[in-house]
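What follows is calculated from the coordinates using simple rules that are stated; it is not laboratory data. The structure presented is a predicted model; accordingly, all values stated were derived computationally and were not measured. Every residue, glycine as well, gets a Cβ built from its backbone with ideal geometry; the counts of neighbours run over all protein chains shown.
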Amino acid sequence: MKQTLDINKEYEEKYGFKVKDSRVAETKLGLSTRTVDEISDFKGEKGEYEWIHQFRLKALEHFFARPMPAWGGDLSKINFDDIIYYIKPGTKMREDWNDVPPEVKNTFDRLGIPEAEKKFLSGVGAQFDSEVVYHKLKEKLEKQGVIFVDPDTGLQKYPHIFKKYFGTVVPSDDNKFASLNSAVFSGGSFIYIPKGVHVDMPLQAYFRINAEGIGQFERTLIIADEGSKVHYIEGCTAPVYSKSSLHSAVVEIVALPGAHIRYTTLQNWSKNVFNLVTKRAHAFEGAIVEWVDANIGSCLTMKYPSVYLKGRNARADILSVAFAGDGQHQDAGGKVYHLAPDTTSRITSKSVSKDGGRTSYRGLLFVAKNATNVKSSVRCDALLLDEISKTDTYPYNQINNETATITHEATVGKIGDDQLFYLMSRGLTEEQALNMVVVGFFEAFAKEIPLEYAIEFNKLIQLEMTGSVG
Amino acid sequence: MLEIKDLHVSIDGKEIIKGVNLKVEKGKIHAIMGPNGSGKSTLANVLMGHPKYKVEKGSITFDGKNVLVMTPDQRAKAGMFLAFQYPVEVAGVSLFNFLRAAYNSINNGHAKNIEKEVISVLDFQKLLKEKVKLLQMDESFIYRHLNEGFSGGEKKRVEILQLAVLNPKIAILDETDSGLDIDSVKIVANGVNDLKGTDMGVLLITHYQRILKYIKPDYVHVMINGKIVKSGGEDLAEQLEQKGYDWIKEGIE
């Protein structure tokens, strides 16, 4: 018990701190059509377009009509009546950190965002509770026609692109939580990369929950036009509260022919956050979509990034890593739908469970009747650090074309006495040795992300590993 | 320096070492020879503190300190080193990062901050490359994952590389020559000899006499059935080479 408290304490200092709340508006506690009306009214001075308002209301109907998922993790502790669905921070969206209110800026300073922006990012969006408070794209990219804004701005300034794709990849009635997001969404990113443009340095979005008892429902839509390339990174953290929070995002990605999108997530919510996210991509001919997804925080995550391979030679690569400690369940994985010939996919899952934590791999591989010469490989490695932790795998395959080449490998490992003894015989303490094995286990992930993030990721793992021995 | 007195060791209730006495002094090389199953490797593992073995009786001291109450990492910090017969693979951890962490850990004494760095990345790189050259290995090795996909011979060389970098007071070499071709035996032996001037004591455990052509022992001990049954000088190894172990076994039965 003491160990857990220590971990929370350290998380609290680094990520879980909170600042003075200067909200200017919020919806009434709980969820009803009135909540949706209020959110639409809060958006801008004139409120939202009517079609978006109607989209929200329809989604809310779906949400109420659908039962809670009976699979995955334990959702019984979510009380939809005890959540504030929208909190407007006391600032408009800014393009200069100096214009952001000090307590908000201080939050992102402590999380290292402005510094990272200076060093190695092409653009940054920072969300504080329900709204984006800072957004900036490098001028050079703006001139090339790259769009990187929050969804409200996207709607206002680029309605023709926004409306064409919004809600087409993840329909509002896709699943209960996608419906919830569609009803009350606020904040997130809207990105368009023009034909042939390669964005060299990553774009980053950071999602911060500050208020207690809030739900955060950002919405991300990325369209990469023909032959373009972009790497999008998102991070997220929240203060440690005794009351639980809900984060339910929807991410829609469209990779047009020959486009290459990489989407990296470093999920580090505090352990009172339910993280229920729908992420899906459409990949057209010759396009590449890569989900690089790490889940370290939250009490329960249910997230299965998916790719619909809709054009010949399209490729999907999903790397999902998870760490589950005391009181955590990471139910993660990936889904690939091979809908065209000569498409390839790879799903790699790596998870570590400790102190009674639970990880689950849940995956789906679908090959359509007309999709010939499909190649796919799935690999799941799980590491259990003690006897009380759990891991399980739920791989589903629906292969409707016999020319497909599918491989599936799964391993469950424990750190053996021999491995620990070997490392300790070189002078490493038991804790250092365990750390080293776990960091090594996740190396396949760390090497896929920019160095600065890899360092942060390894630190997070070490933080989680604190108190492993005793 | 290292002193073993009346050591009895068991595993799963079965006694493997049945009363071993041995003293290894600074700068001296002791070879322990013996047939398979005589308890040689058990002795090596017990000295370093493998949790699988249970010491039933006796004592091990190093520089006057009771080794038996120390964890393996404390033994390493005290100056002990074991070159493993079967080095363990660690996925995703580069030899470089592993060895630098080990070097920092061993050389920062009893500093409270175990992550404290005592050598810069650059200086450590220099040190490591120097030793890599000594063992005639390719530099690229240091960025490969620890023992992962290494051949048997490469693993043994890497053990000696670690020995050279960590520079202990006593090196326990557990069958370091087994599975090596003659050229590799020479390279490994050179690596060990290179460290000899440093007062390092060596406990060389081997099945075969051939490595002793390149690493000249001061003492040779024969271990059979959990006991040291005969001790002598370098010439004892020659006799064993010619006559095998049977003549000793007959002598004690």
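Key figures
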{"quantity": "Acute angle (nearest 10 degrees) that the helix B:152-166 long axis makes with the longest principal axis of chain B, alpha-carbon atoms", "calculated": "70"}
{"quantity": "Nearest-0.05 FRET efficiency for residue B:186 and residue A:143, computed from C-beta distance (R0 56 Å)", "calculated": "0.30"}
{"quantity": "Amide hydrogen neighbours beyond the local backbone of residue A:378, cut-off 5 Å, H modeled", "calculated": "A:347, A:407, A:408, A:409"}
{"quantity": "Paramagnetic label zone (point 7 Å from Cα along Cα-to-C-beta, residue A:243; backbone N under 11 Å) in region A:62-96", "calculated": "A:82-85"}
{"quantity": "Rounded to 5, percent antiparallel among DSSP beta bridges of the protein assembly as shown", "calculated": "20"}
{"quantity": "Cα-centred dipole magnitude for region A:77-153, charges only on beta-carbon of K, R (+1) and D, E (-1), debye, nearest 20", "calculated": "340"}
{"quantity": "In order through region A:106-118: 3J(HN,Hα) via Karplus (6.51 cos²θ - 1.76 cosθ + 1.60), integer Hz, x for Gly, Pro", "calculated": "4, 4, 6, 4, 5, 8, x, 6, x, 5, 4, 4, 5"}
{"quantity": "Long-range amide H partners of residue A:412 with built H, under 5 Å", "calculated": "A:382"}
{"quantity": "Computed Kirkwood radius, in angstrom, where 1/r is averaged over Cα pairs of region B:2-252", "calculated": "18.7"}
{"quantity": "Radius, Kirkwood style, for region A:286-414 when every pair of distinct Cα atoms is counted (Å)", "calculated": "14.7"}
{"quantity": "Average partner coverage of B:83-93, which counts Cβ from other chains inside 10 Å", "calculated": "5"}
{"quantity": "Descending Cα extents along the principal axes, region A:77-192, whole Å", "calculated": "40, 34, 22"}
{"quantity": "Per-peptide average of other Cβ atoms within 10 Å, ordering A:239-250, A:149-160 highest first", "calculated": "A:239-250, A:149-160"}
{"quantity": "Karplus-derived HN-Hα couplings along region B:27-35 (A = 6.51, B = -1.76, C = 1.60, θ = phi - 60°), whole Hz, x at Gly and Pro", "calculated": "x, 9, 10, 10, 9, 10, 10, x, x"}
{"quantity": "Dimensionless Rg ratio for region A:418-470, taking C-alpha atoms and the 2.2 N^0.38 Å reference", "calculated": "1.19"}
{"quantity": "Within chain B, percent of DSSP bridges classed antiparallel, to nearest 5", "calculated": "55"}
{"quantity": "Alpha-carbon radius of gyration plus Dmax, which is the widest Cα pair, for region A:175-321 in Å", "calculated": "15.4, 50"}
{"quantity": "Sorted by Cβ neighbour density within 10 Å, fewest at the top, the residues A:266, B:43", "calculated": "A:266, B:43"}
{"quantity": "Contact order relative to length of chain A, as percent, for alpha carbon pairs under 8 angstrom and 6 or more apart", "calculated": "10"}
{"quantity": "Net charge of neighbours whose Cβ lies under 12 Å from the Cβ of residue A:189, counting Lys and Arg as +1 and Asp and Glu as -1", "calculated": "-4"}
{"quantity": "Debye-sum result for chain A in log10 I(q)/I(0), which assumes one identical scatterer on each alpha carbon, at q = 0.06, 0.13 Å⁻¹", "calculated": "-0.25, -1.25"}
{"quantity": "Spacing of the two label points (7 Å from each Cα toward its C-beta) at residue B:199 and residue B:143, in nm", "calculated": "3.8"}
{"quantity": "Full-extension gain in nm, residue A:375 to residue A:201, via 0.36 nm per residue minus C-alpha separation", "calculated": "59.6 nm"}
{"quantity": "Under Karplus coefficients 6.51, -1.76 and 1.60, residue-wise ³J(HN,Hα) of region B:95-100 in Hz, glycine/proline x", "calculated": "3, 4, 5, 4, 6, 5"}
